[in-house]
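> Can you keep this structure in mind? I'll have questions shortly.
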């Protein structure tokens, strides 16, 4: 039984890293409005098509020492990192939910969080083409779990809260603190996690965002804008994989 369980973990991790390789394509091509199916992956420097043996998640990057086989230009570390991260997160989700329909849905959710976060980092942009379908799928997922009321409340209240927060921030600070992309992203989180889990997600996200802001201010010597999407995604993943434990623990402490 233990051998089978270990085999399943390894298999899930391998599949997750392969999905992470596909997410790299989504992250690069979606904002550029390019097809994610064609043409095959190419080196962005020399435009040489990457053969299958150089496209093995994580290992190809290590074997090639992070360089293109043809032109020897460095390959961004983000590529193996996204593959590794996706493999780890989908494995952790498997350990929480087992092989089930719930795990398949939540694996999609985690992958969307990764894609949205990296696109936000690269372009300061959260794409409606990723968020809108995810809202619908989140509502369908929670409808199947008979949790549709929490899902609707999470989507509506969460989106409205961030929208008002963005408007208040613009009014007081005279500059945009959050954009409409953040509003739709929080709506996605609410639709998937429900209102109760969304509260914990936002608290953790604001903490992560504040910490990142302080670190960047220390490094750059000034306050600067940075994308909030990754903080939201990080909060959502922490809440999802810990079953909202940190927020519930915090409530017990202050009660």
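> Quick one: if the Förster radius is 35 Å, what FRET efficiency do residue 4 and residue 140 give, using the C-beta to C-beta distance and rounding to 0.05?
0.65
> Mind sorting out which of [x] 1.13; [y] 1.08; [z] 1.24 is the real Cα Rg over 2.2 N^0.38 Å computed from the coordinates?
Step by step, Cα Rg over 2.2 N^0.38 Å for this structure corresponds to label [y].
> Highest first, please rank the peptides 213-219, 185-191, 229-235, 73-79 by the mean number of other Cβ atoms sitting within 10 Å of their residues.
So the peptides 213-219, 185-191, 229-235, 73-79, ranked by packing, come out 185-191, 229-235, 73-79, 213-219.
> A further question on this structure: Using alpha carbons only, how many degrees (0 to 90, rounded to 10) separate the axis of helix 229-242 from the longest principal axis of the chain?
Long axis of 229-242 versus the principal axis of the chain: about 80 degrees.
> How many angstrom separate the Cα center of the stretch 53-125 from the Cα center of the stretch 130-157?
25 Å
> Further question on the same structure: With axes computed from alpha carbons, what is the tilt in degrees of helix 2-29 against the longest principal axis of the chain, rounded to the nearest 10 within 0 to 90?
With rounding to tens, the tilt is 90 degrees.
> Based on the alpha-carbon gyration tensor of the stretch 23-90, what equivalent-ellipsoid semi-axes (square roots of 5 times the eigenvalues) come out, in whole Å, largest first?
18, 17, 10
> While we're here: Could you tell me how many degrees, from 0 to 90 and to the nearest 10, lie between the Cα long axis of helix 180-220 and the main elongation axis, the longest principal axis, of the Cα atoms of the chain?
70 degrees
> Which value, to two decimals, describes the C-alpha radius of gyration of the stretch 155-237 once divided by 2.2 N^0.38 Å?
Here the Cα radius of gyration is 1.09 times the empirical estimate.
> Only helical DSSP H runs with n ≥ 4 go in: add -39500 (n - 2.57) per run for the chain, normalise by residue count and round the 222 nm mean residue ellipticity to 500 deg cm²/dmol.
After summing the helix terms and dividing by the residues of the chain, the value is -25000 deg cm²/dmol.
> Quick check on the stretch 1-61: take the gyration tensor over C-alpha atoms, sort the square-rooted eigenvalues as a ≥ b ≥ c, and tell me if it's rounded (a/c under 1.5), prolate or oblate.
prolate
> So what are the three principal axis dimensions of the stretch 97-137 from its Cα atoms, in whole Å, longest to shortest?
35, 19, 8
Every number here is computed from the coordinates shown, using simple stated rules; none is lab data. This structure is a prediction, so every number in the text was calculated from the model and none was measured. FYI the Cβ positions are ideal-geometry reconstructions off the backbone, even for glycines, and counts take in every protein chain you see.
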